[in-house]
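Worksheet: the structure to be examined is printed underneath.
No lab work stands behind these numbers, since they all come straight from the coordinates. Being a predicted model, the structure only gives us computed values, none of them experimental. Quick reminder, even Gly has a Cβ in these numbers, built from the backbone with ideal geometry, and neighbours come from all protein chains shown.
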Amino acid sequence: MTVLEIRDLSVEYGLGEAAVHAVRHVDLDVPRSRVLGIAGESGSGKSTLVYGFTRLLRWPGVVAGGSAVLHVLGDDGSESDVDLLGATERELRSIRWSQISVVLQSALSALNPVRRIAKEFDEVLRVHRSRLDRRGRRARAVELLEMVGLDEDRLDRFPHELSGGQRQRIMIALALALDPQLVIMDEPTTALDVVTQREIVDQLFELRQRLGFAMIFITHDLSLLVELADEIAVMYAGEIVERASAAELHGAPRHPYTLGLINSFPPMHGARQELVGLPGAPADLANLPTGCSFHPRCAWAMEICKTESPKAQPVGDTGRLVACWLHDGIHEVPVELRRSVPERHPL
Amino acid sequence: MSASPILEARSLTRYFTVRTGDGGRRRKRIVRAVEDVSLSLRPSRVTAVVGESGSGKSVLARMLARIVTPTSGELFLRGQPIALGTKRGLDYTRDVQLVLQDPFASMNPVHLVRHNLERALLIHGARRAELPARLSGAMARVQLTPPESFLDRFPHELSGGQLQRVSIARALCVEPQVLLADEPVSMLDVSVRLGVLNIVRSLADDERMATLYITHDIASARYIADETIVMYAGQVVERSDGVTLIDEPAHPYTQLLIASVPDPSDPTSVASPVVRDEGARLGVADVGCRFAPRCPFVMDRCRSEEPPAFVVGSGHESKCWLHRDGAVATPVKVANSHEGVPRA
């Protein structure tokens, strides 16, 4: 029961020799009503991936290959497939917002500054829910605002009259206006304070529980993802280097980059000790290293890593995928990368 | 407390007047950006100031750097009072250096890194002959080696993490005694933040630098701080030696802040004690405690009278009426105001 299937998706900026390979051969499945987290640093391709399969990419971004299929569940329970990359503009228009919606990081630039909030709701409902009259649309807008914990009077405000958290709640209410099956959150809380972030994340979870949509949650904050995602994919230099359940990924990472990323967050508990994090700087997409793109920063880099890029392989029997030569069954796996999942994770 | 403070601030306060257009009438409003903040920066110690956006932490850093003139309050450098409101002069800037959040915006983009660093030295009266040695020295202190491979590049050719190190090197090359770091890692990639934090820590440990570390990232404060201060709406609401206030928060605001931090190692942190009233959230009380409109423990007194700082433990103070009468070492645990979010 997947809602989205992505196979071998590649996205590039520019053409030919000068192309920047922003997303390379990504496979992803999003199960219905589940949360897939995508973690990565800036430039890892996590946003480009989303823009690629939602067809929101602008020139010079081009989808260079692969497929993305959305399984749309009809009211009668039947499934129909939409080939997102092959769909015409007309087909796209019918599924955008109603089946897939996106919440972006900056709510301020996503809302029209010279329009009252009510207008944003009114417009989408008028186009997609034409049987609703004016009063019906207003009622639906009030209902949506209430869902995200805002009072009706916010509808008559302009975006600049609201706080960052309120604006982001409005974006979420808008994204849910047409009961989509898949909601994509691209760093929705990065610009917000930690207290506001907590409120919004909690709210999202109540809503997902109630409405049952699937979610792709993109962020650089791995600790946040561990709390809220069912499954996490870690991206580095345009590739998914590890994909596993949240508890497995955080409690027992298998890829050296995942381990380094986890160790880059100072803990909120326990004795203070010096952490090392990761040496070097994130890979330059315009000038990728040969072989595994992480090898220049990897403590366990071997000869093969410098020449050949590892493919994602299943590790263990829980469906975890890891793209690393250390886990090819021939090489000795370092002790740091074969810990078992701690019991205390009740996730 | 070890050595005497290098830089000391007493009751620093800064008000801004803003004009709001309201129905054609223009009104003046006072924003109390920072009010009555005192702190001491001592050799070898990192003082962390934690606060959310709008808490006044950056205005505080700018007052300490004397870029913003305080409305009132006193500043002492090595015990000597500073005449505020006068030109700050080179002596002050040599001793007290500020590092900002965005390294790309803090460098002149049309000049080489070398020029950016040399300029700082020349302004402070260095002789040309000694420049190469001093530049190499500063670059080595921030672990950018070999220096030549960074000095002869333009700022845009370096990564964010490298350029922030350059920015710290520029501050260091005039041999300051106080380093004010305003969110030095929040714009950097997650994987390179630790490197910069470790440099800030080692400058305090190895070179006796008195350091102010301003951040909204509580975990990073916990990682390097010798003393921690929490600001809310321009005021210090809680302070403690070490990171006591992070491990045992006393003030309701600090408790809320810490409960909100994503913490994968503590599964109980999922529920947050939040007062869900968006209307009140925007407001900061004019009288009484500024946190009262959001506080789950608010009492009548909080709405009318501003609390002083009460001692709640060794080297630990909380500006909250809950802690009057020396309610020592009994930090109130916030009860969860709602059930934990159900997990799938």
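Here is how the numbers come out for the structure above:
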{"quantity": "Spin-label proximity, A:LEU15 to the range A:76-91 - amide N less than 20 Å from point 7 Å beyond Cα toward beta carbon", "calculated": "A:86"}
{"quantity": "Cα-based Rg of the protein assembly as shown normalised by 2.2 N^0.38 Å, two decimals", "calculated": "1.00"}
{"quantity": "All Cα pairs of the range A:191-325, percent lying beyond 24 Å", "calculated": "39 percent"}
{"quantity": "Chain A: calculated mean residue ellipticity at 222 nm from DSSP helix runs of at least 4, using -39500 (n - 2.57)", "calculated": "-8000 deg cm²/dmol"}
{"quantity": "Ranked list, fewest to most other Cβ atoms within 10 Å of each Cβ, for B:HIS323, A:HIS25, A:HIS269", "calculated": "A:HIS269, A:HIS25, B:HIS323"}
{"quantity": "For B:GLY242, distant residues with modelled amide H under 5 Å away", "calculated": "B:GLU227, B:THR228"}
{"quantity": "Neighbour-count ranking [beta-carbon atoms within 10 angstrom, fewest first] of A:THR196, A:THR189", "calculated": "A:THR196, A:THR189"}
{"quantity": "Hz values of 3J(HN,Hα) by residue in the range B:173-185 - Karplus curve (6.51, -1.76, 1.60), Gly and Pro given as x", "calculated": "5, 8, 6, x, 9, 10, 10, 9, 10, 9, 6, x, 10"}
{"quantity": "Cβ-based exposure ranking for B:SER4, B:SER240, B:SER202, in which fewest neighbours within 10 Å come first", "calculated": "B:SER4, B:SER202, B:SER240"}
{"quantity": "Per-residue mean of C-beta atoms belonging to partner chains within 10 Å, peptide A:279-292", "calculated": "2"}
{"quantity": "In nm, spacing of pseudo-spin labels at B:TYR15 and B:ILE67 (7 Å Cα→C-beta vector)", "calculated": "2.4 nm"}
{"quantity": "Bridge type composition, chain B - antiparallel percent by DSSP, nearest 5", "calculated": "65 percent"}
{"quantity": "For the protein assembly as shown, share of DSSP beta bridges that run antiparallel, in % to the nearest 5", "calculated": "65 percent"}
{"quantity": "Average partner coverage of A:222-231, which counts Cβ from other chains inside 10 Å", "calculated": "4"}
{"quantity": "Local electrostatic count at A:ARG338 - Lys and Arg +1, Asp and Glu -1, tallied over other residues with Cβ under 15 Å", "calculated": "-3"}
{"quantity": "Nonlocal amide H pairs with B:LEU98, under 5 Å, H built at 1.01 Å", "calculated": "B:LEU180"}
{"quantity": "In range of the label at A:THR2: residues from the range A:16-32 whose backbone nitrogen is under 14 Å from the point 7 Å along Cα→Cβ", "calculated": "A:26-32"}
{"quantity": "In nm, spacing of pseudo-spin labels at B:SER186 and A:ASN112 (7 Å Cα→C-beta vector)", "calculated": "3.3 nm"}
{"quantity": "Computed lengthening from A:ASP153 to A:VAL62, 0.36 nm per intervening residue step minus Cα-Cα distance", "calculated": "28.5 nm"}
{"quantity": "HN-Hα J in Hz across the range A:215-231 - Karplus 6.51, -1.76, 1.60, θ = phi - 60°, x for Gly and Pro", "calculated": "9, 10, 10, 9, 7, 8, 8, 4, 4, 5, 4, 4, 6, 10, 9, 7, 10"}
{"quantity": "Global geometry of chain A, whether rounded, prolate or oblate, following the gyration tensor of its Cα atoms and the 1.5 cut on a/c", "calculated": "prolate"}
{"quantity": "Point-to-point label distance, A:ARG32-B:GLU305, nm (Cα→Cβ direction, 7 Å offset)", "calculated": "6.2 nm"}
{"quantity": "Calculated from backbone phi, Karplus (6.51, -1.76, 1.60) coupling profile of the range B:148-160 in Hz, x at Gly/Pro", "calculated": "4, 6, 10, 5, 9, 10, 8, x, 5, 7, 9, 7, x"}
{"quantity": "Part-to-part distance (alpha-carbon centres) for the range A:105-182 and the range B:173-221, which is given in Å", "calculated": "41 Å"}
{"quantity": "Helical mean residue ellipticity (222 nm; -39500 (n - 2.57) per DSSP H run of 4+; nearest 500) of chain B", "calculated": "-8000 deg cm²/dmol"}
{"quantity": "Cα long-axis angle, helix B:190-207 against chain B (0 to 90 degrees, to the nearest 10)", "calculated": "80 degrees"}
